[in-house]
Amino acid sequence: MFVLVTGNKEKVREFNVVLKGSSITFEVLNAEKPEIQSEDICEIAKTAAKVCAERLRKVAVVEDSALVIEAIGGFPGPYTRYIYERIGNSGLVKLMQDKKNRRCWYKSAIGYCEPKKEPVCFLGEEEGRIANRERGKSGWGQDRIFIPKGKSRTYAETRKPGSINEFRKRAIEKLKDYLILANK
């Protein structure tokens, strides 16, 4: 049992999808969590999980994500939400308008911490490219501009009800494997 600290209903749904059928249970707490300024998404997630575990005196899990765009120096990196709220996907597409290299990575870092212990990070990544314009209606965040490697359509164009982005699924599956092994 752990506490997932998030106010994002989509993240809760994605955790439920991946953990369904396992013996792993969690509760959700919509609370403020610290977010250190760092380029290292795992350090951000681990620090937040540690602070939450100590405050709550319970096992805490925090998820943070990043969009790393190669042609613009890794921007926006872990600041995706901040940038999305300021300039939106259209602003990111505009920053990329003259760039031939559209390669990017979506990353999900899950920080896990038990009280009075050191935190652990589970990282899920997926390579892709930035679309020339926003496409699709499904999903959230940068789903309308992220095209997974080997695909021709954005996440938002291919999203089906109950589906989950691959990068976050990979991170949650790593957490799941860790918890299953820890309970053997």
Please list, ordered by first then second residue, the pairs with beta carbon atoms under 6 Å, 6 or more apart or interchain, first in region 87-114 and surrounded by fewer than 16 Cβ atoms within 10 Å (Cβ to Cβ), second part of a strand (DSSP E or B). ARG103/ARG129
Quick check on my filter: what residues within region 1-42 are charged (D, E, K, R) and either closer than 24 Å to GLU118 by Cβ or open to solvent by 40 Å² or more (accessible area, probe 1.4 Å) (or both)? LYS9, GLU10, LYS11, ARG13, LYS20, GLU27, GLU32, LYS33, GLU35, GLU39, ASP40
For region 43-65: of the residues being open to solvent by 30 Å² or more (accessible area, probe 1.4 Å) and under 16 Å from the mean Cα position of the chain (by Cα), which is nearest to ASP177 (Cα to Cα)? LYS46
Region 140-184 - residue that is of a type in the set (Gly, Ala, Ser) and closer than 25 Å to ASP40 by Cα and, of those, most open to solvent (accessible area, probe 1.4 Å): GLY141
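The values are calculated or read from the model by the stated rules, or taken from the named source; none is laboratory data. Please read all numbers here as calculations on a predicted model, not as lab measurements. Note that we place each Cβ from the backbone using ideal geometry, even for glycine, and neighbour counts take in every protein chain shown. For the accessible areas, the whole protein counts, side chains as well, though only heavy atoms, and no ligand, DNA or RNA atoms are used. Shrake-Rupley method; radii C 1.70, N 1.55, O 1.52, S 1.80 Å.
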